[in-house]
Amino acid sequence: MEFSEWYSEILEKAEIYDVRYPIKGCGVYLPYGFKIRRYTFEIIRDLLDKSGHDEALFPMLIPEDLLAKEAEHIKGFEDEVYWVTHGGKTPLDVKLALRPTSETPIYYMMKLWVKVHTDLPIKIYQIVNTFRYETKHTRPLIRLREIMTFKEAHTAHSTKEEAEEQVKEAISIYKKFFDTLGIPYLISKRPEWDKFPGAEYTMAFDTIFPDGRTMQIATVHNLGQNFSKTFEIIFETPTGDKDYAYQTCYGISDRVIASIIAIHGDEKGLILPPIVAPIQIVIIPLIFKGKEDVVMEKAKELYEKLKDKYRVHIDDRDIRPGRKFNDWEIKGVPLRIEIGPKDIENGKITLFRRDTMEKFQVDESELEEVIEKTLNNIMENIKNRAHEKFENFITILEDINPEEIKKILSEKRGVVLIPFKEEIYNEELENKVEATILGETEYKGKKYIAIAKTY
Ligand SMILES: Nc1ncnc2c1ncn2[C@@H]1O[C@H](COS(=O)(=O)NC(=O)[C@@H](N)CS)[C@@H](O)[C@H]1O
């Protein structure tokens, strides 16, 4: 089945997301999908909190003059901003933008907070919805008009060096985040013509979807003093001089959820990394006539034993076991316990792991140890599989050959790496190869220009 068809179907069949909301580019997180989102963003919250960031919350509405303050920024977003023009029947004297991203409201406030160098650094983030009137093809969780899970971090520093260090810290935080989820990535410095509006430079994480196209799943921007000069975020230095703050910002969105689904799934459905699985272990009682009680009793006993350590669920619906197996395989539940009368007699437990679809038996006495090992092994296995597929999508060429690059990108797809050469690194290279220049990247110790067809 073609990837985008598989992707749309799995969102519905695994009850993750409902696209039928009556606004294009907007959709609904169903409870199962919402839990995946919650566990996923708990990981990034934890990483940010443990590296000195504080979570905050800013208004969604931005007055027109504020949004337009930084020339590059508004130029980059003016075609994508949603405007509020009325309060009820009353026309507003100042149009209000629905935040496409929150540099302007946050930096307006930072001006009020920052006076002396000891007020710095500021390292805050928020996880909110943002709005972009995307004109390209919208896709659920991939290209939204209401970006429902937009984690944006914004920092301000008293030296250029510290801001540079912050960019490095943000990159390492995202590396840990995607490594924890088993999502492979290539880190590139975006070309000048494709950096974030108002930034000095943009570092981006791109992954490769099953259809061979790349997806930008995170970005880190060094803003220099562009915004602090516009917003007058001025501080007194230790020597009593005045200087403008040095800033960075970095963001991820629902695309992380889309990547978990797309990269780890198989033809059967989702395969969820245990760390984000709403149900990590599902217990299926195999009910045989006259043995209902003994089986249910054992199922409940196992549930009690596991429930404090794992997210475990007993599927006691009155339907055939095969139906239950199918439902939970589609939903990507990493581990299944099947419990029937014969097993109980022999003190055995049958386990099924979703990633390899293999069934195996263990003595009840070793169940907990085997569960812990198997869940860890599932994570390792799906991460290795994802990296293998990712590496297979990368083609290194000795030199630039537009025809060969076009051929690779239309047949094999993925990312083409050509040795970095300043003289060819410009916008017309994109036209020559009829693809996107992701940027300059380090790959296995060498510097390349990365080229791909992207989402
Ligand atoms: N329309 C969209 N739908 C879903 N995700 C999006 C959309 N537009 C951007 N993103 C994701 O949001 C991330 C951050 O967006 S951004 O424009 O690159 N950067 C910012 O807005 C900066 N303020 C850092 S938060 C992108 O890397 C991309 O992964």
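The values are calculated or read from the model by the stated rules, or taken from the named source; none is laboratory data. These figures come from a predicted structure and were not determined experimentally. All Cβ positions, glycine included, derive from the backbone under ideal geometry; neighbour counts span all protein chains shown. What goes into the accessible areas is simple: the full protein's heavy atoms, side chains included, and nothing from ligands, DNA or RNA. Shrake-Rupley method; radii C 1.70, N 1.55, O 1.52, S 1.80 Å.
Assorted remarks:
- Candidates Gly33, Gln225, Ile287 compared by Cα position along the dipole of the chain: farthest toward the positive end lies Ile287, with charges placed on Cβ.
- Percent accessible area from carbon and sulfur atoms, the range 375-436, protein chains only, probe 1.4 Å: 46
- Charge dipole of the chain about the Cα centre (unit charges at C-beta), most positive-ward option of Ile339, Pro63, Phe209: Ile339
- Dividing the summed helix terms, -39500 (n - 2.57) for each DSSP H run of n ≥ 4, by the number of residues in the chain produces a 222 nm estimate of -11000 deg cm²/dmol to the nearest 500.
- Rg to Rh, two decimals, where the chain supplies the alpha carbon set and Rh follows Kirkwood: 1.03
- DSSP beta bridge pairing in the range 221-354, given as percent antiparallel to the nearest 5: 60
- For the chain, the per residue solvent-accessible surface stands at 46 Å², with DNA, RNA and ligands left out and a 1.4 Å probe.
- Under 22 Å from Lys242, Cα to Cα: lysines that are on another chain or at least 8 residues apart: Lys69, Lys111, Lys115, Lys123, Lys160, Lys229
- Here the calculated FRET efficiency for Lys432 and Thr135, from their Cβ-Cβ distance with R0 = 35 Å, stands at 0.90, rounded to the nearest 0.05.
- Rounded accessible area of Ile74 (nearest 10 Å², 1.4 Å probe): 30
- Computed magnitude of the charge dipole of the range 281-377 (debye, nearest 20; Cβ of K, R +1, Cβ of D, E -1): 420
- Candidates Pro22, Gly52, Ser188 compared by Cα position along the dipole of the range 3-264: farthest toward the positive end lies Pro22, with charges placed on Cβ.
- Protein heavy-atom surface of the range 3-264, 1.4 angstrom probe: 53% of the accessible area is carbon and sulfur, with nucleic acids and ligands not counted.
- Accessible area ranking (1.4 Å probe, heavy atoms, ligands and nucleic acids excluded), largest first, for Lys432, Lys50: Lys50, Lys432.
- ³J(HN,Hα), Karplus 6.51/-1.76/1.60, whole Hz, each residue of the range 269-274, x for Gly, Pro: x, 6, 10, 8, x, x
- Between Ile339 and Ile284, Leu286, the built amide H atoms are under 5 Å apart, and every one of these is 5 or more places off in sequence or on another chain.
- Taking every protein chain into account, the 1.4 Å probe leaves Glu430 with about 40 Å² of accessible area, to the nearest ten.
- Straight-distance candidates among the lysines for linking to Lys307, with alpha-carbon spacing under 21 Å and chain neighbours fewer than 8 residues away dropped: Lys35, Lys298, Lys324, Lys331, Lys348, Lys373.
- Listed by number, the DSSP H helices of the chain that run 18 Å or longer by alpha-carbon position along their axis and have mean Kyte hydropathy of at least -0.5 are 31-49.
- Distances between placed amide hydrogens fall under 5 Å for Tyr443 paired with Tyr448, all partners being 5 or more residues away or on another chain.
- Karplus (6.51, -1.76, 1.60) ³J(HN,Hα), θ = phi - 60°, over the range 197-208, in Hz, Gly and Pro reported as x: x, x, 8, 6, 7, 10, 9, 10, 9, 10, 10, 10
- Euclidean distance of C-alpha centroids, the range 96-110 and the range 171-238, integer Å: 18
- Added length on full extension, which subtracts the Cα-Cα distance from 0.36 nm per residue, Asp266 to Asp363: 31.9 nm
- For the set Tyr244, Tyr448, the ranking by accessible area, highest first and with no ligand, DNA or RNA atoms included, is Tyr244, Tyr448 under a 1.4 Å probe.
- Solvent-accessible area of Val28, all protein chains in place: 60 Å² (probe radius 1.4 Å, heavy atoms, ligands and nucleic acids excluded).
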